[in-house]
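Enquirer: Before I ask anything, let me first share the structure, which is written out below as structure tokens.
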Amino acid sequence: VTQSSEFYTLKPLTTVQETSSAQGGLKDLAVGVGPASFPEYLNRPQLITRQNPIKVRVNEFQRWAGSLQEDFLQILTENISLLLGSDKVFFHPWGNYFDVAYKIPLEVQQFDGNPGEGVLLNVRWAVLDRDDKVLVARKSVIKVEVKGTDYDALVLAQSEALVELSKEIAVEMRKL
């Protein structure tokens, strides 16, 4: 019997009720999210689990449905759009079609975990103005418990970590 692959995507926020920071929409705020850089070990179709601080496992039959990097950026953009109440939040590359007031580049340093344990999202990010002047520079280290021992639970916890990052970014955007 050959094992068949299972495919996963990150899950976006679905409603503003899932957060308390969504009041007072900034509907005309144009924001560009990205680019996002990822460590090479995450740039692959397989899900990566962390065995210990120095050892990772490539899970051959648990795979991303697309590119983790693109999925991450798309879901983060969707979440920030919902949290800010703006339809003018675009992910990189947004081209010449949109004149964004703010850009949010990200450098993901770790985004993995283990079923039944936890997920760790370690990311540096900034908010730049039109002229690429740094307005905010942060490092977010987000830990989320994995509420289950399967890969579904792992990916849901990764999605929760992305929601937390989205909220941190939205809070800083509101201050500007």
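Each value in this text was obtained by applying a stated rule to the coordinates, not by laboratory testing. Bear in mind the structure is a predicted one, so any value in this text is a computation, not a measurement. When we count neighbours, we look across all protein chains shown, and the Cβ atoms used for this are built from the backbone with ideal geometry, even at glycine.
Enquirer: Could you work out the relative contact order of region 37-176? I mean the mean sequence separation of Cα pairs under 8 Å and 6+ apart, divided by the number of residues, in percent.
Expert: 21
Enquirer: Which of ALA157, VAL146, ILE104 sits farthest toward the positive end of the charge dipole of the chain, with +1 on the Cβ of Lys and Arg and -1 on the Cβ of Asp and Glu?
Expert: ILE104
Enquirer: Related question: Using the Cα centre of the chain as the reference point, and only Cβ charges (+1 on K/R, -1 on D/E), how large is the resulting charge dipole? Debye, rounded to the nearest 20.
Expert: That gives the chain a dipole magnitude of about 380 debye.
Enquirer: Which residue, chosen from ALA137, GLN62, LEU29, occupies the Cα position most advanced towards the positive end of the dipole of the chain, where the dipole is computed from +1 (Lys, Arg) and -1 (Asp, Glu) charges on Cβ about the Cα centre?
Expert: With unit charges placed on the Cβ atoms, the residue in question is ALA137.
Enquirer: For a quick check of your reading of the filter: which GluC sites (Glu not before Pro) in region 64-155 sit in a DSSP loop and have no more than 16 other Cβ atoms within 10 Å? If you can, show how the numbers build up before the last one.
Expert: Working: sites: GLU70, GLU78, GLU107, GLU117, GLU145; in loops: GLU117.
Qualifying residues, ordered by number: GLU117.
Enquirer: What number, rounded to the nearest 500 deg cm²/dmol, is the helix-based mean residue ellipticity at 222 nm of the chain, given -39500 (n - 2.57) per DSSP H run of at least four residues and division by all its residues?
Expert: Computed ellipticity for the chain at 222 nm equals -8500 deg cm²/dmol.
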